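Scroll down for the structure; my scribbles are underneath it.
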Amino acid sequence: MKFEERLSDRDAWSIGDGCSAGRVLDLLSTKTVFLVVRECFYGTTRFDDFVTRVGASAPAVSRALKQLKAAGIVAPVVYREPGSRARDEYRLTEAGEDLLPVFLSLMQWGDRHLQDGRPPLSFVEAGTGRPIQVRVSAETAPETACDDIEIRVHPAWDAASGAP
């Protein structure tokens, strides 16, 4: 990347606390918070399921959900099972759904650099089976909505692990 001329002297300016990347990292400040977002993308909505699937303590998941709720990333939706008290499920808001490219970018990077060629999951366009990819490009392309993505066991991982 290159800076425009007026920004070329890096000692003459600072973005400081105005950095959007820094603010996102403040929001997704712990592994638990990020994994709760991951689970939202995977369809998890109920507190006990987050605890189980994230592998964190109930207080840590509670803090993560409160943080994400305060930031407008998730919203509680009341549900009630017969004979039980009302409880909240947590669903991604529009702002939460907008984190999809961030989530997929990190997954792609990890698949490429941390999985020895055997990532566990593939994200494909549900209708065609074409791999979903996040790219930096000046071209515009239609977005793929969350509901149009299918998560599959990656063929390389499946063969190596004998997964179902």
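The values are calculated or read from the model by the stated rules, or taken from the named source; none is laboratory data. Given the structure is predicted, the values throughout are model-derived calculations rather than measurements. Virtual Cβ from ideal backbone geometry, glycine too; neighbours counted across all protein chains shown. Heavy atoms of the whole protein, side chains included, go into the accessibility calculation; ligands, DNA and RNA do not. Shrake-Rupley method; radii C 1.70, N 1.55, O 1.52, S 1.80 Å.
Which residues does a label at LEU121 reach in the range 130-153, if reach means a backbone N under 15 Å from a point 7 Å past the Cα toward the Cβ?
Within reach of a label on LEU121: 132-134, 146-153.
List the aspartates and glutamates whose alpha-carbon lies under 18 Å from that of LYS31, not counting same-chain residues fewer than 8 positions away?
Partners within reach: GLU39, ASP48, ASP49, ASP111.
Lys/Arg Cβ at +1, Asp/Glu Cβ at -1, dipole of the range 33-164 taken about the Cα centre: which of PHE47, LEU100, GLY72 is farthest positive-ward?
In the range 33-164, that residue is PHE47.
Please sort 58-65, 136-143, 3-10, 85-92 by packing, taking for each peptide the average over its residues of neighbouring beta carbons within 10 angstrom, highest first.
With the highest mean Cβ count within 10 Å placed first, the list reads 58-65, 85-92, 3-10, 136-143.
So what's the net charge close to ARG46: Lys and Arg +1, Asp and Glu -1, counting the other residues with Cβ under 13 Å from its Cβ?
-2
When only the heavy atoms of the protein chains count and the probe is 1.4 Å, how do LYS69, LYS31 rank by accessible area, highest first?
Ranked list, largest accessible area first: LYS31, LYS69.
Which whole-number value in Å² is the accessible area per residue of the chain, probe 1.4 Å? The partial results should precede the final answer.
Numbers: 11610 Å² over 164 residues.
Each residue of the chain exposes 71 Å² on average to a 1.4 Å probe.
Enumerate the lysines that LYS2 could reach by cross-link, defined here as Cα to Cα under 26 Å, with residues fewer than 8 away along the same chain left out.
Of all the lysines, none pass the test against LYS2 - Cα under 26 Å, at least 8 places apart if same chain.
With only Lys, Arg, Asp and Glu charged, each at its Cβ (+1 for the first two, -1 for the last two), find how big the charge dipole of the chain is about the Cα centre; round to the nearest 20 debye.
580
Taking the Cα centre as origin and putting +1 on Lys and Arg beta-carbons and -1 on Asp and Glu beta-carbons, what dipole magnitude results for the range 80-138, to the nearest 20 debye?
With Lys and Arg at +1 and Asp and Glu at -1, about 120 debye.
Placing +1 at every Lys and Arg Cβ and -1 at every Asp and Glu Cβ, with all other atoms neutral, what dipole size does the range 30-96 have around its Cα centre, in debye to the nearest 20?
That gives a dipole near 160 debye.
Taking the structure as given and computing Cα extents along the principal axes in Å, which label from (1) 41, 37, 35; (2) 67, 41, 30; (3) 55, 31, 28 fits?
Given (1) 41, 37, 35; (2) 67, 41, 30; (3) 55, 31, 28, the calculated one carries the label (2).
Can you send over the carbon and sulfur percentage of the accessible area for the range 1-108, probe radius 1.4 Å, protein chains only?
On the way: 3760 of 7210 Å².
Roughly 52 percent of what the probe reaches on the range 1-108 is carbon or sulfur.
Need the list of aspartates and glutamates near LYS66 for cross-linking: C-alpha distance under 13 angstrom, and skip anything on the same chain fewer than eight residues off.
Straight-line reach from LYS66, under 13 Å: ASP88, GLU89.
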